[in-house]
Amino acid sequence: MIGWTAVTAAGVHRAIDAVWRIESPRLIAGLARRVRDVGLAEELAQDALVAALERWPVSGIPDKPGAWLMAAAKHQAVDRFRRSELQARKHEQLVHEFEAGSGAGAWEGETALDDDIGDDLLRLMFTACHPVLSTEARVALTLRLLGGLTTAEIARAFLVPEPTVAQRIVRAKRTLAEARVPFEVPHGAERAPRLSSVLEVIYLVFNEGYSATAGEDWMRPELCEDALRLGRVLAGLASAEPEVHGLVALMEIQASRSRARTGPSGEPVLLLEQDRARWDRLLIHRGLAALARAEALGGAHGPYALQAAIAACHARALTAEQTDWARIAALYAKLAQVAPSPVVELNRAVALSRALGPAVGLALADELTDEPQLEGYPFLPSVRGDLLEKLGRLDEARSAFERAASLTKNVRERELLLARAAACARASRSPSHE
């Protein structure tokens, strides 16, 4: 018999929310393997949550909440299949599996979260991030199914209307069903691009938390935490994949700077101006260990591992002045070979400016001004403004900062860029500059 833990009425809903965040990915993954439909699996999980919200405030939180939820979902599934008049044979087969034979043990409350749960979670990750879905749909579905976030929470995190997120999720589940995407871990030639899609989604979530593209806040730490949690789970499930460890290393090291990236009023603090004593040494240690695992698996030149190696250069420097900019520039050159992109070249320009002087960096940045991919990208005029300022070309620097401010959708970043533009304007009018 399931035991019960006493929880005050005031705290029971908070406790249920916490349980749901922890248990829902495993619950949905286990259900999806059994019903062979991610959308239906989530509906059954939601039905189980409704049952918990009705019963737990009265009865208390069960000792094994995951098993309780799985048992509740099992009953919902059997009832639903029995009522349905469609696909009668399939439903009859599934009911039989749930109530007898190999399916019976797996559905028992005490053993619901069985030994296959790791494989189920991995299958769910690959399914939610399937390339048949748009990037926005993959992100929303992953946060919904694997992050345990509500539609409203996802909408708030990405500053989009809640109905838009809801539509993305509904369409994503419909697309997976219509495309008959199998609930499985891909093998052979398909595995690498599918894994790349999973990593891309996790890093997109992390980046939106680390440097918010829009809104009032410079950072959204909860998204970083969600991405890190997913990355760590994936590293445990796919431990032989070097790029998984490379991504985890990159996120751990970048997340280590979070406390130092904002000032007392939430204003941005740039990397070289941060108080490194506020960097989280435990996260740095974890990141360096993950990078070492990626390198030991032969993945030193993977795109995420190279970015992690760049982040490690900053992490190992006790002061900004000790940063090995020559090595960082060399790592960006390697990254440009394996994952060529104008953004990588722009970052290499910054590293070269630190290693060889602002004129060298500006020359490379100027070559990128006609790149279509960087049109509307605020970091390009921001970098040019910084280098022009260092070269004493203050009027041009002011104009570049103002251009960058006009392109960003983040309020905090805009304020920082306009403040730098104003500082250049004041300096250009000073007698020492005339």
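The values are calculated or read from the model by the stated rules, or taken from the named source; none is laboratory data. Because the structure is a prediction, the values reported are computed rather than measured. Cβ sites come from the backbone with ideal geometry, for glycine too, and all protein chains shown count toward neighbours. Remember, those area values only see protein heavy atoms, side chains included, never the ligands or the DNA or RNA. Shrake-Rupley method; radii C 1.70, N 1.55, O 1.52, S 1.80 Å.
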> Sorted by packing (mean other beta-carbon atoms within 10 Å per residue), highest first, where do 51-58, 171-178 land?
Replying inline: 171-178, 51-58
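Cα-Cα pairs above 19 Å in the stretch 214-266: how many percent? Show your work: numbers first, answer last.
Numbers: 497 of 1378 pairs.
The share of Cα pairs beyond 19 Å in the stretch 214-266 comes to 36 percent.
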> Using θ = phi - 60° and the Karplus form 6.51 cos²θ - 1.76 cosθ + 1.60, what ³J(HN,Hα) does each residue of the stretch 233-248 get, whole Hz, x for Gly and Pro?
Replying inline: 4, 4, 5, x, 8, 10, 5, 8, 8, x, 5, 5, 5, x, 5, 4
> In square angstrom, rounded to the nearest 10, how much accessible surface does Asp395 have for a 1.4 Å probe?
Replying inline: 90
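Taking R0 as 35 Å, what FRET efficiency do you get between Ala192 and Val160 from their Cβ-Cβ distance, rounded to the nearest 0.05? Intermediate values should be presented prior to the final figure.
On the way: r = 31 Å, r/R0 = 0.88.
After rounding to 0.05, the efficiency reads 0.70.
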>> Please enumerate, by chain and number, the lysines with C-alpha under 24 Å from the C-alpha of Lys64, excluding those fewer than 8 residues away in the same chain.
In response: Lys74
> Sorted by packing (mean other beta-carbon atoms within 10 Å per residue), highest first, where do 247-257, 293-303 land?
Replying inline: 247-257, 293-303
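Assuming 0.36 nm per residue, please report the length gained on full extension of the stretch Ala425 to His13 beyond their Cα-Cα distance. Could you put the intermediate results ahead of the total?
Values: separation 412, 0.36 × 412 = 148.32 nm, distance 5.42 nm.
My answer for the length gained is 142.9 nm.
Dividing the alpha-carbon radius of gyration of the stretch 191-307 by 2.2 N^0.38 Å (N being the number of residues), what value is obtained?
On the way: Rg = 14.4 Å, N = 117, 2.2 N^0.38 = 13.4 Å.
This ratio for the stretch 191-307 stands at 1.07.
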> So what is log10(I(q)/I(0)) for the chain at q = 0.06, 0.09, 0.11, 0.13 1/Å, when the Debye sum runs over its Cα atoms only?
Replying inline: -0.32, -0.67, -0.93, -1.19
>> If you consider only alpha-carbon coordinates, what radius of gyration and Dmax does the stretch 351-434 have, in Å?
In response: 12.8, 40
> Which percent of Cα-Cα pairs in the stretch 126-222 sits in each 5 Å bin, short to long?
Replying inline: 2, 14, 23, 24, 19, 10, 6, 2, 0
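Report the relative contact order of the chain, percent, no decimals, based on alpha-carbon pairs under 8 angstrom and at least 6 residues apart. Let's see the in-between values first.
Details: 615 pairs, mean separation 43.0, N = 434.
Relative CO of the chain lands at 10 percent.
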>> Applying a 10 Å radius around every beta-carbon, put 233-241, 188-196 in order of their mean neighbour count, most first.
In response: 233-241, 188-196
> For the stretch 130-181, what is the largest minus smallest coordinate of the Cα atoms on each principal axis, given in angstrom and ordered from greatest to least?
Replying inline: 31, 19, 15
>> Run the numbers for Glu184 and Arg82: contour at 0.36 nm per residue of separation, minus the present Cα-Cα distance, in nm.
In response: 34.1 nm
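In deg cm²/dmol, rounded to 500, what helix-only [θ] at 222 nm does the chain give when every DSSP H run of at least 4 residues adds -39500 (n - 2.57) and the total is split over its residues? The partial results should precede the final answer.
Working: 20 runs with 298 residues, N = 434.
My calculation for the chain gives -22500 deg cm²/dmol from helical runs alone.
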> Measuring from centroid to centroid over Cα atoms, what is the spacing of the stretch 238-299 and the stretch 208-227 in Å?
Replying inline: 15
> For Ser406 and Ala359 in the same chain, what is the full-extension length gain: residue separation times 0.36 nm, less their Cα-Cα distance, in nm?
Replying inline: 14.4 nm
> the stretch 408-432 to the stretch 155-204: how many Å between their Cα centroids?
Replying inline: 40
